[in-house]
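Below is one structure, written out as structure tokens, with a few remarks after it.
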Amino acid sequence: MKEILSGNEAIARGAWEAGVLWASAYPGTPSTEILEAVGALYQDDIHAQWSPNEKTALEAAVGASLGGVRALACMKHVGVNVAADPLFTASYTGVNGGLVLVTADDPNLHSSQNEQDNRNYAKFAKVPMVEPADSQEAKDFLKAAFEISERFDTPVLLRSTTRISHSKSLVELGERQELPRPTELERDIAKNVMLPAYARPKHPKIEQRLADLKAYGKDCPLNRVEMGDRSIGIITSGIAYQYAKDALPGASFLKLGLVYPLPDDLVREFASQVDQVVVIEELDPFLEEQVRLLGIDVAHGKDWFPIIGELSPDLVAERLTGQAVERRPAADGLPIRPPVMCPGCSHRGVFTILRKLKVYVSGDIGCYTLGALPPFQAMHACLCMGGSITMAEGLSRAVADDSDRKNQVVAVIGDSTFFHSGVTGLMDLIWNQGSSVVMIQDNRITAMTGGQVTPGIGKNLMGQDAPVIDIETLVKALGVAEENVRVVNAYDLDQVETVLKEELAKPEPSVVLTKEPCVLQYRVKAPALTVDADACTACGVCLRTSCIALGMVGEGDDEHVEIDPNFCTGCTVCAQVCKFDAIRS
């Protein structure tokens, strides 16, 4: 039986077929749909859970693996940064049941804050990495990764990229491998407790494991030699293979599925049979450097293919054939669609006031990051998940005089991001007696990645009732004084402004909490507002709320704002900023 699946759906299917019993993740594009598919389709056989962050997701999966069952953890590339601590030590402990960590990289930064190449994590942690080139391989390679994990007593990284994660292709489906569950937990202190005395002997074993994996790679079915025209031999992997195969179908290829450790003997054998070697890969020269270290002359690599951004079929074809590819221009009249907050988004009123107050805003990762863009331009720093609070702590101590509001700092963070890694940042701020105002915008969902549940809404991934982690109670328990924890209505601009001013004047930490739900996920909609054209002066102040329901119509004396009732949710933010009472319910 065959189905058309995305790479993410195929990975989920592969987990089911491989007999996985545990799957955990934190949502992040382009990896999100893996666990969503596991939870939706396979929850009868696989326990699936969103974890508060990637570190806890991997640690829980390591625990399941040490318990003797196959376990999967999934995250986007920057999530592996968060999970790096347990990953590196899990390389030492090894596994009992197979353990696979999926890293979904994002070349070209479609939805990420950086473009890191996570193949480097395999080398750094000294663990094998497999990389599929289509959905069929995404399923098959995941199953193979579990076999490798158990055969070599190691975690295995499976690397996807945005194009593999979201592209769809035909997949041959298989049956589930039913594996026995252990009846008791194995106690092996020397293997699983990484005290120095137990960890020190592990390092030589890891080096031997890499040597064994190199030898295994020569005949590994994930690596494939396709001999054709011997004038050019292309070494490649992942989506780059598809582009190169399309451009030069008759060339000779060494297609690597096990991209680390590099199978030295196979690479040497392939290179000896072709006139010149070309290495094609996205981002870092990860393969190219290893090939060159073998003493093999690489005719072309990063001199032809950029180290920045995604490759494309056209670019690869131009480099390999020497012929320019004719590109069709975009059709005339296509609308420009810059990223904007949804109509009625609760973040809109907050950033309207933050801009008005002219404070320095330390931001975080979420829909509200759009507050950095015009017309708001009211977010001035954004580093990583949870970094808003601790950056605000440092920023607030950097300027000698904070009597001017432009030198006062407000940290803005969402509920899911606060649960992810903002809690420890707030703890740092409180413990070290900082005085920043932290705005936690609780919209009851992980909105940016598609509406996944959080610890604060009373449900888990599998739809079961779960305890509610109440943010207001939590921040008080951490030590924020009760009088400094303020709950405001994000749509009441006067209230937001008044409370922010009051909290900015205090010399100790404050938390301002909004609790308005995501309008997109919870389908929040009141009657649409209307504009009195005679009262509207076309001043454009309401347009600065950046709502796509608003637009200017007419010319000259007849120019005025119009509200599209199909988009308007009746949030009233535009009406509150209008000085002429021209916008009415």
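Quick look at the values:
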quantity: Theoretical gain in end-to-end length, Met427 to Glu559 [0.36 nm per residue, Cα-Cα removed]; calculated: 42.3 nm
quantity: Between helix 387-398 and the chain: long-axis angle, C-alpha atoms, 0 to 90°, nearest 10; calculated: 60 degrees
quantity: Inter-site label distance for Asp275 and Lys218 at 7 Å from Cα along Cβ, in nm; calculated: 2.9 nm
quantity: Distance between segment 192-265 and segment 1-77 - C-alpha centres, whole angstrom; calculated: 24 Å
quantity: Neighbourhood net charge (13 Å Cβ-Cβ; Lys/Arg +1, Asp/Glu -1) for Glu3; calculated: +1
quantity: Residues Glu502, Glu175, sorted so that the one with the fewest Cβ neighbours within 10 Å comes first; calculated: Glu175, Glu502
quantity: Radius 10 Å from Cβ of Lys476, net charge of other residues (Lys, Arg +1; Asp, Glu -1); calculated: -3
quantity: Between 0 and 90°, nearest 10: helix 346-357 axis offset from the chain longest Cα axis; calculated: 60 degrees
quantity: Angle in degrees between helix 493-504 and the longest Cα principal axis of the chain, rounded to the nearest 10; calculated: 80 degrees
quantity: Of [x] 29.5; [y] 31.6; [z] 26.9, the label for mean projected area of the Cα convex hull in nm² derived from the coordinates; calculated: [y]
quantity: Reach of Lys515 by Cα under 30 Å, taken over lysines that are not fewer than 8 positions away in the same chain; calculated: Lys55, Lys76, Lys356, Lys358, Lys406, Lys459, Lys476, Lys501, Lys506, Lys525, Lys579
quantity: Counting DSSP beta bridges with both ends in the chain, the antiparallel % (nearest 5); calculated: 25 percent
quantity: Extension gain from Ala299 to Glu508, taking 0.36 nm per residue of separation minus the Cα-Cα distance; calculated: 69.1 nm
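Coordinate-derived values only; no laboratory data. Just so it is clear, the model here is predicted, and its values are computed rather than measured. Ideal geometry is used to build each Cβ from the backbone, glycine not excepted, and the neighbour counts take in all protein chains shown.
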